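See structure below.
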Amino acid sequence: MDSVEWLIGLAVVAMVTAGVAAAGSRRRQRRVVGGETVRCHTTLALGDERPPWWRGGRGGWLHLSPGRAEWRSALGRRHLDLSGARVHAVSGSAGTYGAAGDTDLRLTLPDGGLVRLDLKRRDAVTVAAALSTRTPPSRSPVPPRRRRWPVIALALCGAWLLTWALTGTIVDRDWTFVLALVGTPLGIAGLTGLAYDHGDRRTPRRSLRAPERPLEPELPAPDEFRFEALAPYAAREARPYVWLDPHRPDGIRLHPGGREVLDRLGLPFGLLIFVVALTRPTDVTGGRAIVTLGAALLLGVWALQRVLALFPAHRALRVLAGQPGEAVSGLVVARPDGEPVLLLSGADRRQVPLRRPLPAAALDFTGPLRLRSHGRLFTFEDVPGVALFPDGPVTPLPDDELTTLVDSAGALRREGKRVAAGYRV
């Protein structure tokens, strides 16, 4: 089997996997509407803090039925009851541990705890519709149906073992490799699926506790777009665990520091490591050593140029920030993809995407931010030395898009009403 056949096979597997995942999401929607209990894979995070990379998120399964939701760890040892929670914000999973295209769903528990779920968009619609249903949850919830694919995977693995035992000495070498490459994962997947089924039905040993916070009143749908009244809605949509950097509370500084210099050196240093790993020089006078030395000199000059260009650019920004500028009012909210965007008030409402990390002063939602517009940056009138940097052009902001930005949970519920008929959302 040549490389072209391998590439075609991988493409077919990727397409089949995507189709199976989409069909599974649609099937879960239909079953929840019919009153069944379904499961979907999700990642759980507690509170607003982003967990460190060595802990990551909590991968597990969400058991979902009308009026009831429960998160369980992969093997069922830990759980968290999400029944009665309300969706207060939703956005893309940019900057979190979710996969590309996932949705960051933020829930407020009845006791005031805050949790976040990273899951597929269609599953997020199903969760929002199920949590908003008026059907009372069952006292003894029925676990989801048993998975069929582990039994099928183990049966195929058994057929592979039988084929290997009967024709192992006759099968071509390439096909022997294919059988081993397919049969072994099938056996592992089948055993893992059986362990997951056991976890769905076991009694959890530990219940997770979400960090409590003051329970905020549920905001009504915004029907009048007065900029002064939108601050609570912007606070509900904020994602401080992604937008802020605890090591840089002032965001992108006007005076470059050590972290900015290291950021400029990161790419050249990474390329140098790649060149050394590729050439593997063993002799100081050999050809590989000369190539490595030449590449190191070029990358060193490039790194020095990147660092030296940092200071004049920041000096120009400081000169620009020292000018009077135009007084504007703004609010920071989340775009549908999860990135920050600055809403500007005025006769014509406008929006401008922002670069991360943001300064902590940008998430002060006691009222609209008092800013000065300098074209390439926005400075704070009451916080000197701090600025917001645009990450794109300023564009108009239509009313329907503003509704989605300040009420993402309402937009998700409206989508659930259209898709999952039968729910009162």
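The values are calculated or read from the model by the stated rules, or taken from the named source; none is laboratory data. Predicted model, so just to flag it, every value in this text is computed and none were measured. Note that we place each Cβ from the backbone using ideal geometry, even for glycine, and neighbour counts take in every protein chain shown.
Checking the conditions here, which among PRO204, PRO185 is at pLDDT 70 or above and either polar (S, T, N, Q) or part of a loop (DSSP other than H, G, I, E, B) (or both)?
Step by step, each of PRO204, PRO185 is checked, and only PRO204 is at pLDDT 70 or above and either polar (S, T, N, Q) or part of a loop (DSSP other than H, G, I, E, B) (or both).
Provide a single number: the residues in the range 253-267 that are exposed (fewer than 13 other Cβ atoms within 10 Å of the Cβ) and in contact (Cβ under 8 Å) with a residue 60 or more places away in the chain.
Total satisfying the criteria: 1.
So, ARG253, is that one in a loop (DSSP other than H, G, I, E, B) and either outside the structural domain of GLY47 (by TED's automatic domain parsing) or in contact with a helix residue (DSSP H, G or I) (Cβ under 7 Å, 6 or more places away or on another chain) (or both) or not?
Yes: the conditions hold for ARG253.
Tell me, which residue of the range 286-343 that is polar (S, T, N, Q) and touching a residue at least 12 places away in the same chain (Cβ under 8 Å) is farthest from PRO390 (Cα to Cα)?
THR292
Taking interchain pairs and intrachain pairs at least six residues apart, which have beta carbon atoms under 9 angstrom, with the first residue in the range 229-252 and closer than 12 Å to LEU331 by Cβ and the second assigned to a helix (DSSP H, G or I) and of a type in the set (Ser, Thr, Tyr)?
ARG236/SER408; GLU237/SER408
State all residues of the range 356-391 that are modelled with pLDDT of 85 or more and of a type in the set (Lys, Arg); if no residue qualifies, say none.
If the condition is that a residue be modelled with pLDDT of 85 or more and of a type in the set (Lys, Arg), then ARG356, ARG370, ARG372 are the ones that fit.
Considering the range 317-335 alone, what residues qualify as being surrounded by 19 or more Cβ atoms within 10 Å (Cβ to Cβ) and not aliphatic (A, V, I, L, M)?
Selection gives GLY330, ARG335.
Out of all the residues in the range 74-90, which are surrounded by 19 or more Cβ atoms within 10 Å (Cβ to Cβ) and either of a type outside the set (Gly, Ala, Ser) or at pLDDT 85 or above (or both)?
Scanning the range 74-90 gives HIS79, LEU80, LEU82, ALA85, VAL87, ALA89, VAL90.
Please tell me if GLY338 is at pLDDT below 80, buried (at least 17 other Cβ atoms within 10 Å of the Cβ) and under 27 Å from ARG349 (Cα atoms).
So GLY338 fails the test.
Of all residues in the range 111-140 being at pLDDT 85 or above and more than 19 Å from ARG28 (Cβ to Cβ), which is farthest from the chain's Cα centre (by Cα)?
The selected residue is LEU114.
Scan THR366, THR379 and give me the residue that is buried (at least 17 other Cβ atoms within 10 Å of the Cβ) and either out of contact with any Leu (no Cβ under 7 Å at 6 or more places or on another chain) or of a type outside the set (A, V, I, L, M, F, W, C) (or both). Quick ask: steps written out before the conclusion?
Values: THR366 fails: buried (at least 17 other Cβ atoms within 10 Å of the Cβ).
Checking each option against the conditions leaves just THR379.
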